[in-house]
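First comes the structure, then the notes that go with it.
The values are calculated or read from the model by the stated rules, or taken from the named source; none is laboratory data. Everything numeric in this text was worked out from a predicted model, so none of it was measured. For neighbour counting, all protein chains shown are included, and Cβ atoms are generated from backbone atoms with ideal geometry for every residue, glycine included.
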Amino acid sequence: MPANRFNGFTDYGVGIGLRIPHYAHIFERTPVVDWFEIISENFMVEGGRPLATLDRILERYRVVQHGVSMYFGSAEPLNREHLRRLKALVRRTKSPWITDHLCWGSVDGRYSHDLLPMPYTFEAAALTARKIREARDFLEVPIAVENVSSYAEFHVSEMTEWQFLNEVVERADCGVLLDVNNIYVSSRNHSFDPDVYVNSVPAERIAQIHIAGHSKFEKYILDTHDHPVIDPVWSLYQAAIRRAGPTATLLEWDDRIPSFDEVHAEARKAERYLPAPVGAAR
Amino acid sequence: MSLAEFQRRMAADLMAPMSVIPDAGYVKPNDRLSSAERLDIYHRQYWYRVIDSMYEDFPGLCAVIGQRAFDRLIEAYLAEHPSQSFTMRDLGSRLEAWLRGNPHYAGRRPEFALDMVRLEWAHVVAFDGPSKDALGPEDLLEPNPEMRLGLQPYISLLDCHYPVDEIRIKVNATLDEHGDASNASTGREHRTALRNAGRRKPKDVHIAVHRWDLTVYYRRLAREELCLLAALRDGATLAEAIDRAFESSPMPIGEIPQSLAAWFNAWSALGWLCRP
Ligand SMILES: [Fe+2]
């Protein structure tokens, strides 16, 4: 079930995030990588090195766009200029699906540049779903929304996070980018059972999975993307794959980034949980 | 509380100066953290993120005024001008104007700090700003006095009082060596260089911040050269621009044609000129 309408009926395997410290290695060695995820905003510029670099990557690799500033959950309307630039980038990359977060982050045109947790209310779910539909209709590409890590819960919430996720994606009829590390981080911060979360997600909507590492502090866990993936997160990944089938998987490593080979090797550990292609020797 | 009200309240709390402790009554506490402590995680993250981003774009300013003054300045600036763009790349777009109105944040030599801010914002623009098709030498074979020419939109022309181009290059070199700001601003060699630069009597320094082969460069210009480019960019005809450039120039008239030829050659080789 890897290919579905939420990832453009593709069957991408294991990829990694495209990061500046790896550019030299990628251009010199052209390593075999199934696909790269790019942060859309880094390339929503008007000229210069970022776009030139992207074009070189696109000559050899498949790219999927991941956004960090659409803020489907912000009460304000979608930013038209933002959508216009994003659409131009989608045309350039031919990203078969795109992703952004199930969160909010801007108010009255002012941006926090953070991925802020939603109050889990029916009002918020309806608004978020409407904005996802609007964006998809304008961009003409499938959208999958990602669950974020969170460090706070709100009194106004009317349901759990996974109920909220279900409510939104059903109303929007969109895909899910399931971040199993984020589930783990939030489960520790809010004392819930992460398996319940993974088992509650509509499996048929999972377009992509994120894996990552995090940082542990005394009283909470921070989603820092600066460590290898820990075993409990691999277990959640395995549970997700069991439910959804082999799914496009991406390792995020954003801080204290080790060598390309190290990051790629960490990502490819995911293959342990993916069935071998028919006829292939393992 | 509607979603919009909720988000307005929380955003105001996050973007409040770090010294402000918001009333976090809308946040649920847990068995380890109070409401305020949970909100504080986001509050601090907000400031770390925006200050980090400003530091990446304005390391020269940080070196000129020092890390603590830099943090204070950025906090005051962003409290007044929170980000209005989906990308942090635009965070510094209003810093120059704000600093002109708030020179007490700019250390002992506000002009020095301002020159650096202008150079560093120009660097951001030169890095990923838009470009137009460049005019080549063949387009300039028959210059006529009434023609108008444009300047690439990613180029900034700066009229400075301090050699901030040289200083920023030194800051970059120190950063490459040591990796972070604290080292950069405490390195002895580096501080001495800055002190000397700041002590030097202000003199006119004319700089074009541009890019070549995707890399940003600072190019020193003659005063007349900068005037001429600025006039062309602002829509003057070739004849008007030349008049303006040499109006109060001490350059002997006999040398003007030679200078013009050299400049136009350089500009077309660098791809600076375009249609208006
Ligand atoms: Fe993620």
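Could you look through the stretch A:25-65, keep only residues that are β-branched (Val, Ile, Thr) and in a helix (DSSP H, G or I), and pick out the one that is nearest to the other protein chains (Cβ to nearest Cβ)? Among residues in the stretch A:25-65 that are β-branched (Val, Ile, Thr) and in a helix (DSSP H, G or I), the one nearest to the other protein chains (Cβ to nearest Cβ) is A:Thr53.
Scanning the stretch A:210-221 for residues that are among the small types (Gly, Ala, Ser) and within 14 Å of the ligand (Cβ to nearest atom) yields a count of 2.
Scanning the stretch B:3-29 for residues that are assigned to a loop (DSSP other than H, G, I, E, B) and at the interface with another protein chain (Cβ under 7 Å from one of its Cβ atoms) yields a single hit, B:Tyr26. When B:Pro82 is tested against the conditions (1) in contact (Cβ under 8 Å) with a residue 60 or more places away in the chain; (2) in contact with a Ser or Thr (Cβ under 7 Å, 6 or more places away or on another chain); (3) within 7 Å of chain A (Cβ to nearest Cβ), the lone failure is (2). Which one is surrounded by the most Cβ atoms within 10 Å (Cβ to Cβ) among residues in the stretch A:149-176 that are outside any loop (DSSP other than H, G, I, E, B) and small (Gly, Ala, Ser)? Here the answer is A:Gly175. Within the stretch A:219-235, residues that are within 14 Å of chain B (Cβ to nearest Cβ) have Cβ atoms under 7 Å from residues that are hydrophobic (A, V, I, L, M, F, W, C) and within 15 Å of the ligand (Cβ to nearest atom) in these pairs: A:Ile221/A:Val185; A:Asp223/A:Val185; A:His225/A:Ala212; A:His225/A:Trp253, counting only partners at least 6 apart in sequence or on another chain. The criterion of being at pLDDT 95 or above and either within 16 Å of the ligand (Cβ to nearest atom) or among the charged types (D, E, K, R) (or both) does not hold for A:Ile132. The criterion of being assigned by TED's automatic domain parsing to the domain that holds B:Gly271, more than 27 Å from B:Met15 (Cβ to Cβ), touching a residue at least 40 places away in the same chain (Cβ under 8 Å) and surrounded by fewer than 22 Cβ atoms within 10 Å (Cβ to Cβ) holds for B:Leu135. Just a yes or no: is a residue in the stretch B:200-209 assigned to a helix (DSSP H, G or I), in contact with a His (Cβ under 8 Å, 6 or more places away or on another chain), assigned by TED's automatic domain parsing to the domain that holds B:Ala134 and within 25 Å of B:Asp133 (Cα to Cα)? Looking for residues that are assigned to a helix (DSSP H, G or I), in contact with a His (Cβ under 8 Å, 6 or more places away or on another chain), assigned by TED's automatic domain parsing to the domain that holds B:Ala134 and within 25 Å of B:Asp133 (Cα to Cα), one finds none in the stretch B:200-209, hence no. When you scan the stretch B:59-68, do you find a residue that is facing another protein chain (nearest Cβ under 9 Å), surrounded by fewer than 20 Cβ atoms within 10 Å (Cβ to Cβ) and part of a helix (DSSP H, G or I), even just one? Scanning the stretch B:59-68, I find no residue that is facing another protein chain (nearest Cβ under 9 Å), surrounded by fewer than 20 Cβ atoms within 10 Å (Cβ to Cβ) and part of a helix (DSSP H, G or I), so the answer is no. Across the stretch B:198-252, the qualifying residues are those that are among the polar types (S, T, N, Q) and over 22 Å from the mean Cα position of the chain (by Cα), and the one among them that is farthest from B:Ala63 (Cα to Cα) is B:Thr237.
Would you confirm, using the coordinates I've provided, whether B:Ile41 is at the interface with another protein chain (Cβ under 10 Å from one of its Cβ atoms), within 21 Å of A:Gly105 (Cβ to Cβ) and crowded, with 17+ Cβ neighbours inside 10 Å? The answer is yes for B:Ile41.
Summed over the stretch A:175-209, the residues that are among the small types (Gly, Ala, Ser), more than 14 Å from the ligand (Cβ to nearest atom) and within 14 Å of chain B (Cβ to nearest Cβ) give a count of 2. In the stretch B:86-113, the residues that are within 13 Å of chain A (Cβ to nearest Cβ) reach residues that are part of a helix (DSSP H, G or I) with C-beta atoms within less than 6 angstrom, at least six apart or across chains, in these pairs: B:Phe86/A:His82; B:Thr87/A:Glu41; B:Met88/B:Ser53; B:Leu91/B:Ser53; B:Leu91/B:Met54.
If you go through the stretch A:222-240 and keep only what is out of contact with any Asp or Glu (no Cβ under 8 Å at 6 or more places or on another chain) and either within 14 Å of the ligand (Cβ to nearest atom) or within 21 Å of A:His66 (Cα to Cα) (or both), you end up with A:Leu222, A:Asp223, A:His227, A:Val233, A:Tyr237, A:Ala240.
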